[in-house]
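*Asks:* Structure incoming, see below.
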There are 2 protein chains.
Amino acid sequence: MKKKSQLKYEQILAETVNLINEKDVAMVSTNQVAKKVGISQSNIYIYFKNRDDLISQVFTTEVNKMSAFVIERIETRPTDNLKAKFELTFTVLFQYALKFPKSMTVIQKILQSYAYTHMQDQSAAYSKANGMLVASLDAGIATGLLKPIDRTLLQNIIFSTIKLHADNLHRGRYTERDVPFDQVAAMIWDAISA
Amino acid sequence: MKKKSQLKYEQILAETVNLINEKDVAMVSTNQVAKKVGISQSNIYIYFKNRDDLISQVFTTEVNKMSAFVIERIETRPTDNLKAKFELTFTVLFQYALKFPKSMTVIQKILQSYAYTHMQDQSAAYSKANGMLVASLDAGIATGLLKPIDRTLLQNIIFSTIKLHADNLHRGRYTERDVPFDQVAAMIWDAISA
């Protein structure tokens, strides 16, 4: 891809993120995205095979961004203490949600969308990023640190609580002084720990 | 409304529930609903002002169904013990999710949809049904039984966990013997109790 094309590619991704953030995934058309970028609809298809491919690449890009953010901050503070590692992971996910509110919203909306759940090739990036958390949760269950319960139930509490807390702060429902993250992390920990 | 019309009205609501359950809210058009019912699209507008009105009435109907189910089962077993009341509420919500899996999915999808979040008149039925749980949560916080934290965080853990557990059972991820509801209720209780 030429330099100019790389810029357009990124603009298309960014405008798709903006539109999904504002509306429902199913409401976002390649035509709307093209208008926002200021190109013709047919130009979208120079970069993406079809609408599903665009949604899929937006998803992969955002998941990779989130994973890189988390890994970078966890690897600089290595620990053998699994509980400390979970608490650091919660904090870093919260920092990401605060710093990139659109990103986490778009990841969640795409995960729940008909388009994504019916795609034949689901994101390898997501499987990889999710795989790391899954491994930590399985280790936590195996060592008796976490409740011996299906891990999707643990994952849901972690992600949905952190996301809702960040959204509540973002919408001004309360401030970080009213509800410090420590209290939120303690609630998650009480739910998942054995 | 004539008897025949009442039947059509209920068929329109039922087919809209089916379509929202299968797809995304934004993908469901009055045209599709009319086709499923076997009437012309213009006939939909005899019963509903517009698409938003249809979505809104589906939502109110399902919320009222869920509320009636919960209230009926809680009022027959009155208790002054707030903890016992919460545990009974969790169990009854789970029974509802198992018995009417489409209903809880449709309620959740509409709550998260652009159409609903941007409606001017949001459901009074939801405010009323939600109001009862809110009152119990506030009483639980005031008496020191529950964590003194914003109640939306408590509500999210209750609903999203029960819904996910019912979905996991429905999709065959595990059986009720693998993950008994007692374990799920204990996880919720550990999260929300002080």
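The values are calculated or read from the model by the stated rules, or taken from the named source; none is laboratory data. None of these values were measured; they are calculated from a predicted model. All Cβ positions, glycine included, derive from the backbone under ideal geometry; neighbour counts span all protein chains shown. Quick note on the areas: whole protein, heavy atoms, side chains included, nothing else; ligands and nucleic acids left out. Shrake-Rupley method; radii C 1.70, N 1.55, O 1.52, S 1.80 Å.
*Asks:* A 21 angstrom limit on the alpha carbon distance is what I want to check against. Which of A:49/B:23; B:65/B:128; A:109/A:147 exceed it?
*Replies:* Working: A:49/B:23 23 Å; B:65/B:128 13 Å; A:109/A:147 28 Å.
The answer is A:49/B:23; A:109/A:147.
*Asks:* To the nearest 20 debye, what is the magnitude of the charge dipole of region A:1-48 about its Cα centre, counting +1 on the Cβ of each Lys and Arg and -1 on the Cβ of each Asp and Glu? Don't skip to the answer; put the middle values down first.
*Replies:* Details: 7 positive and 4 negative charges, 65 e Å.
Here the size comes out at about 320 debye.
*Asks:* How long are the three semi-axes of the equivalent ellipsoid of region B:1-48, in whole Å, if each is the root of 5 times an eigenvalue of the C-alpha gyration tensor, listed from largest down?
*Replies:* Its equivalent ellipsoid spans semi-axes of 19, 11, 8 Å.
*Asks:* Still on this structure: Enter the accessible area per residue of region A:1-48 (Å², integer; probe 1.4 Å; all protein chains in place).
*Replies:* Normalised by residue count, the accessible surface of region A:1-48 is 57 Å².
*Asks:* Quick check on chain A: helices-only [θ] at 222 nm, where DSSP H runs of length 4 and up contribute -39,500 (n - 2.57) each and the sum goes over total residues. Nearest 500, please. Each step should come with its number before you reach the end.
*Replies:* On the way: 10 runs with 145 residues, N = 194.
So the helix-based figure for chain A works out to -24500 deg cm²/dmol.
*Asks:* Hey, another quick one. To the nearest 100 Å², how much accessible surface do chains B and A cover up together, summed over both, with a 1.4 Å probe?
*Replies:* Numbers: alone 11190 and 11210 Å², together 19680 Å².
Summing both sides, the interface buries roughly 2700 Å².
*Asks:* Quick one: which residues, 5 or more positions from residue B:113 or on another chain, have an amide H under 5 Å from its amide H? H modelled 1.01 Å from N in the peptide plane, none for Pro or chain starts.
*Replies:* Hits under the 5 Å cutoff: none.
*Asks:* Shortest first and in nm with one decimal, please list how far the residue A:102 label point sits from its counterparts in the other copies (point 7 Å along Cα→Cβ).
*Replies:* 3.8
*Asks:* Here's another thing I want to ask about it. Sorted by accessible area with a 1.4 angstrom probe, largest first, how do A:62, B:15 fall?
*Replies:* The residues order as B:15, A:62, largest area first.
*Asks:* Could you name the aspartates and glutamates in cross-link range of residue B:99, using Cα to Cα under 16 Å and dropping any fewer than eight places away on the same chain?
*Replies:* Output for residue B:99: B:62, B:72, B:167, B:176.
*Asks:* Measure nothing but the geometry: give the 0 to 90° angle between the long axis through the Cα atoms of A:151-170 and the longest principal axis through the Cα atoms of chain A, rounded to 10°.
*Replies:* Computed tilt is about 70 degrees.
*Asks:* Further question on the same structure: Could you check the simple spin-label distance between residue A:76 and residue A:31, using points 7 Å along Cα→Cβ, in nm with one decimal?
*Replies:* Each label point lies 7 Å from its Cα, and together they span 4.7 nm.
*Asks:* Of B:115, B:125, B:142, which has the largest mean-square fluctuation in a 10 Å C-alpha GNM of chain B?
*Replies:* Taking springs between Cα atoms under 10 Å, the residue moving most is B:142.
*Asks:* Buried by at least 50 Å² relative to the chain on its own: which residues of region A:11-41 qualify, computing accessible area with a 1.4 Å probe on protein heavy atoms?
*Replies:* Checking the loss per residue gives A:24, A:26.
*Asks:* Using a 1.4 Å probe, what is the accessible area per residue for region B:58-192, in Å²?
*Replies:* Per residue, region B:58-192 has 48 Å² of solvent-accessible surface.
*Asks:* Would you mind getting the Kirkwood hydrodynamic radius of region A:1-120 from its Cα pairs, rounded to one decimal in Å? Write down the numbers at each step before the final one.
*Replies:* Numbers: mean 1/r = 0.0636 Å⁻¹.
Over region A:1-120, the inverse of the mean reciprocal pair distance is 15.7 Å.
*Asks:* Could you state, as a whole-number percent, how many of the C-alpha pairs of the protein assembly as shown are farther apart than 29 Å?
*Replies:* Every Cα pair in the protein assembly as shown considered, those over 29 Å come to 50 percent.
*Asks:* For region B:98-163, build the convex hull from the C-alpha positions and give me its volume per residue in Å³.
*Replies:* Taking only Cα atoms, region B:98-163 has a hull volume of 109 Å³ per residue.
*Asks:* Lys/Arg Cβ at +1, Asp/Glu Cβ at -1, dipole of chain A taken about the Cα centre: which of A:11, A:56, A:89 is farthest positive-ward?
*Replies:* Result: A:11, furthest along the dipole toward the positive end.
*Asks:* When each copy gets a label point 7 Å from Cα toward the beta-carbon at residue A:171, what are the spacings between them in nm, shortest first?
*Replies:* 2.5
*Asks:* Further question on the same structure: Name the residues whose placed amide hydrogens come within less than 5 Å of the amide hydrogen of residue B:146, ignoring near sequence neighbours (fewer than 5 apart) on the same chain.
*Replies:* B:141, B:194
*Asks:* Can you give me the Kirkwood hydrodynamic radius for region B:58-192, using every pair of distinct Cα atoms, in Å to one decimal? Walk me through the numbers before you get to the answer.
*Replies:* Working: mean 1/r = 0.0636 Å⁻¹.
For region B:58-192, inverting the mean 1/r across all distinct Cα pairs yields 15.7 Å.
*Asks:* Right, another one. Grab the eigenvalues of the alpha-carbon gyration tensor for region A:133-190, scale each by 5, take roots, and send me the semi-axes largest first in whole angstrom.
*Replies:* In descending order the semi-axes read 27, 11, 7 Å.
*Asks:* Relative to the Cα centre, what is the charge dipole magnitude of chain A, using +1 at the beta carbon of each Lys and Arg, -1 at the beta carbon of each Asp and Glu, and rounding to the nearest 20 debye?
*Replies:* 700 debye
*Asks:* How many nanometers, to one decimal and shortest first, lie between the label point of residue A:32 and those of its other copies, if labels sit 7 Å from Cα toward Cβ?
*Replies:* 1.6
*Asks:* I want to verify a result. In a Gaussian network model of chain A, Cα cutoff 10 Å, which of these has the top mean-square fluctuation: A:79, A:60, A:89?
*Replies:* Maximum among the listed residues: A:79.
*Asks:* Using only the heavy atoms of the protein chains and a 1.4 Å probe, how would A:178, A:167 rank by accessible area, largest first?
*Replies:* Sorted by accessible area, descending: A:178, A:167.
*Asks:* How far is it, in nm, from the label point at residue B:112 to the one at residue A:127 when both lie 7 Å from their Cα along the line to the Cβ?
*Replies:* It is 2.3 nm.
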